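Structure first, then comments.
The values are calculated or read from the model by the stated rules, or taken from the named source; none is laboratory data. Remember, it's a predicted structure, so these values are computed and weren't measured experimentally. Please note: Cβ atoms are built from the backbone with ideal geometry, for glycine as well, and neighbour counts cover all protein chains shown. Surface areas here come from the heavy atoms of the whole protein model, side chains and all, with no ligands, DNA or RNA. Shrake-Rupley method; radii C 1.70, N 1.55, O 1.52, S 1.80 Å.
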Amino acid sequence: MSGIPPYATTGQRAWYYGFRVICGLIFFFLIAPIMVIIPLSFNAQDFFTFTPEMLAFDPAGYSTKHYEDFFTNSDWQLALRNSLKIAPVATLLSVSLGTLAAIGLSQSHVPFRRGIMAILISPMIVPLIISATGMYFFYSNPYIPTPFGKIELPFTLTGTYLGVVLAHAALGIPFVIITVTATLVGFDNSLTRASANMGAGPVTTFFRVQMPLILPGVVSGGLFAFITSFDEVVVVLFVGSAGQKTLPWQMFTGLREQISPTILAVATILIAVSIVLLFVVEMLRRRSERLRGMSPS
């Protein structure tokens, strides 16, 4: 069924179809580089280009050897284990701190809310190389500022799992704050007052009243924080060491030093994981809108 009313003018019809053509071209421009990677990951040769056998759709030109190399190579498996160690912990910290910050900033009596919000989401705005440089110098000589001067800590965070986790958590917190804040826009504060009038404490009110309603926003923010940590390479190059080499770091090394086609197989796996996570985020968004009585469209 056409979406154009029968009384539409020629200009309106041209815009209707032209707009869809423009959107299609933009979509193709964004997706085409990603889609090229997938068939190349099955290349039977150690090349980053399509071979004549692949272009002829000859089965001999396709192979899963790059995937086998990823699952059997010790360097790739070490990087995968590091990513699976760092990303969940960083996500947990991001969700915990970001959710508390979003709930606090949603209160109208908090002074300088806009300024505090701008500072908390600044890691999304500041170029990543600047954030990585700042983290490197701070983690090399960490200190606690006090009114009487700074207290230097007797240890450094560079080259440690803790340092990488904290750095990734700092990058993930803004995503959690934004998604949870958006969920809190439609939250009815009278529910918390009713809970308090019935004798529930702040902790009980949060877990029994607020949390079930803002859970889609919390989970969505957590997924974005996980993707940010799992895909991040710049900060870990500054803060981490060879012992904390993550999957993106290993991919960067493969491009710069080894020129390993296994990168294409890893990229394909990451694309599949990202699609699944984005699908989950979209389902949570629709559930959140239904809970707030809004139309998913």
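Looking at the stretch 215-242, which of the residues that are touching a Phe, Trp or Tyr at 6+ places or on another chain (Cβ under 7 Å) and among the aliphatic types (A, V, I, L, M) is farthest from LEU184 (Cα to Cα)?
Going through the stretch 215-242, the residues touching a Phe, Trp or Tyr at 6+ places or on another chain (Cβ under 7 Å) turn out to be 221, 224-225, 228, 233, 236-239.
Next, from what is left, pick out any that are among the aliphatic types (A, V, I, L, M): 225, 233, 236-237, 239.
Details: ALA225: 19, VAL233: 32, VAL236: 33, LEU237: 36, VAL239: 34 Å.
The residue in question is LEU237.
Please count how many residues of the stretch 174-190 are surrounded by fewer than 13 Cβ atoms within 10 Å (Cβ to Cβ) and either in a helix (DSSP H, G or I) or not aliphatic (A, V, I, L, M) (or both). Before the answer, list the steps.
Filtering the stretch 174-190 down to residues surrounded by fewer than 13 Cβ atoms within 10 Å (Cβ to Cβ) leaves 185, 188-190.
Cutting the leftovers down to either in a helix (DSSP H, G or I) or not aliphatic (A, V, I, L, M) (or both) gives us 188-190.
Going through the stretch 174-190 one residue at a time, the tally reaches 3.
Yes/no matrix, rows are residues, columns are (1) surrounded by 15 or more Cβ atoms within 10 Å (Cβ to Cβ); (2) touching a strand residue (DSSP E or B) at 6+ places or on another chain (Cβ under 6 Å); (3) closer than 30 Å to LYS245 by Cβ:
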{"residue": "ILE38", "(1), (2), (3)": "no, no, yes"}
{"residue": "ASP46", "(1), (2), (3)": "no, no, yes"}
{"residue": "SER74", "(1), (2), (3)": "no, no, yes"}
{"residue": "LEU78", "(1), (2), (3)": "yes, no, yes"}
{"residue": "LEU84", "(1), (2), (3)": "no, no, yes"}
{"residue": "GLY98", "(1), (2), (3)": "yes, no, yes"}
{"residue": "SER108", "(1), (2), (3)": "no, no, no"}
{"residue": "PRO127", "(1), (2), (3)": "no, no, yes"}
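Does ASP75 fit the bill of being in contact (Cβ under 8 Å) with a residue 40 or more places away in the chain and of a type outside the set (A, V, I, L, M)?
yes
What's the number of the only condition in (1) touching a Lys or Arg at 6+ places or on another chain (Cβ under 9 Å); (2) in a helix (DSSP H, G or I) that GLN107 fails to meet?
Failed condition: (2).
Pull up the stretch 221-245, narrow it to residues that are under 15 Å from ALA87 (Cα atoms) and among the small types (Gly, Ala, Ser), then point me to the one that is surrounded by the fewest Cβ atoms within 10 Å (Cβ to Cβ).
Residue satisfying both the conditions and the ranking: GLY240.
Please indicate, with yes or no, whether at least one residue in the stretch 161-172 is open to solvent by 40 Å² or more (accessible area, probe 1.4 Å), over 30 Å from ARG286 (Cα atoms), out of contact with any Phe, Trp or Tyr (no Cβ under 9 Å at 6 or more places or on another chain) and of a type in the set (Ser, Thr, Tyr).
yes
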